[in-house]
Amino acid sequence: MEAYKIAKEKIENCKKYKIPYLDLSGLNLTHLPQELADLTWLERLSISRNNLNSIQILKNLTLIRKLAFSHNNITDLTPLKNNTKLKFLFMKHNKISDISTLKTIKTLKKIEAHHNSIKDIKDLETLPQLIFLDLASNSVSNIEPLKNIKTLRWLSLKDNPIKLEDIIKLKNSLKNLVYFAY
């Protein structure tokens with residue numbers, strides 16, 4: 001229970017001083033303390049390297065610009081659907097397969113989503129500001145939707161079941177890419 005005591009102390013301190021950043025990483029939490037839901041002014045939150053199954057408590061934290069929940073067991077992104085400020089999303093090493101919720105977050109610039117179970121990426125083509133996308137080590141085979149994201153400058157598709165001819169077509173259609181790994 002020491003971890004929850006530390007988490008609650010950090011949350012209380014954040015609440016007391018209205019600090020816009022909170023780091024609850026590496027505490028081996030299996031759930032997030034309910035008090036976190038009260039920090040509606042948060043702009044940056046890191047809850048990586050825990051044992052979390054859910055981010056449901058984040059549904060009303062709609063001012064977050066930078067969110068990290070890497071190295072957990074998260075499967076559901078729907079609690080993020082009302083976040084219209086989110087720019088940087090770090091969700092690598094989870095159990096995410098459905099990323100359709102991300103289509104509602106038009107402010108996204110960077111997504112790190114490697115080592116998940118993502119297959120369908122069609123909803124990413126609706127993100128007008130996306131610059132950085134890491135989908136390495138997923139189950140993506142259809143990369144056609146990515147050709148419409150002309151803002152992309154950094155893209156990793158390593159260790160996905162993608163045909164070489166599709167890679168070549170994509171590379172030729174994305175003229176602004178500075179880094180492309182496949």
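The values are calculated or read from the model by the stated rules, or taken from the named source; none is laboratory data. It should be emphasised that the depicted structure is a prediction, and the values quoted were computed from it without experimental measurement. We place every Cβ from the backbone using ideal geometry, glycine too, and count neighbours over all the protein chains shown.
Close contacts from segment 94-114, counting a first residue that is within 18 Å of residue 150 (Cβ to Cβ) and a second that is of a type in the set (Ser, Thr, Tyr) and not in a loop (DSSP other than H, G, I, E, B), with Cβ to Cβ under 7 Å and a gap of 6+ residues or different chains, come to 103/126. Among the residues of this structure, residue 42 does not count as one that is outside any loop (DSSP other than H, G, I, E, B), in contact (Cβ under 8 Å) with a residue 12 or more places away in the chain and among the hydrophobic types (A, V, I, L, M, F, W, C). I'd like the residue in segment 142-180 that is out of contact with any Lys or Arg (no Cβ under 9 Å at 6 or more places or on another chain), of a type in the set (Val, Ile, Thr) and in a loop (DSSP other than H, G, I, E, B) and, out of all such residues, is nearest to residue 125 (Cα to Cα). For segment 142-180, the residue satisfying everything is 149. May I ask you to list the residues in segment 148-172 that are more than 23 Å from residue 86 (Cα to Cα), surrounded by fewer than 17 Cβ atoms within 10 Å (Cβ to Cβ) and in contact (Cβ under 8 Å) with a residue 24 or more places away in the chain? Residues satisfying the conditions are 158, 167. Residues in segment 134-141 include none that are outside any loop (DSSP other than H, G, I, E, B) and over 27 Å from residue 51 (Cα atoms).
So which of 55, 121 is buried (at least 22 other Cβ atoms within 10 Å of the Cβ), within 24 Å of residue 14 (Cα to Cα) and in contact (Cβ under 8 Å) with a residue 24 or more places away in the chain?
On the way: 121 fails: within 24 Å of residue 14 (Cα to Cα).
The conditions single out 55.
Hey, does segment 130-152 have a residue that's more than 18 Å from residue 109 (Cα to Cα) and either in contact with a strand residue (DSSP E or B) (Cβ under 8 Å, 6 or more places away or on another chain) or at pLDDT below 95 (or both)? No, that holds for no residue.
For segment 1-22, the count of residues that are touching a residue at least 40 places away in the same chain (Cβ under 8 Å) and at negative phi is zero. For segment 88-128, the set of residues classified as of a type in the set (Gly, Ala, Ser) and more than 22 Å from residue 65 (Cβ to Cβ) consists of 97, 117, listed by residue number.
Let's see how each residue does on (1) among the polar types (S, T, N, Q); (2) farther than 18 Å from residue 96 by Cβ; (3) part of a helix (DSSP H, G or I):
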position	(1), (2), (3)
12	no, yes, yes
16	no, yes, yes
28	yes, yes, no
35	no, yes, yes
51	yes, no, no
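Are any of the residues in segment 25-45 surrounded by 14 or more Cβ atoms within 10 Å (Cβ to Cβ), out of contact with any His (no Cβ under 8 Å at 6 or more places or on another chain), within 20 Å of residue 106 (Cα to Cα) and of a type outside the set (D, E, K, R)? Yes.
In segment 124-145, the residue that is surrounded by the fewest Cβ atoms within 10 Å (Cβ to Cβ) out of those that are touching an Asp or Glu at 6+ places or on another chain (Cβ under 7 Å) and not hydroxyl-bearing (Ser, Thr, Tyr) is 145.
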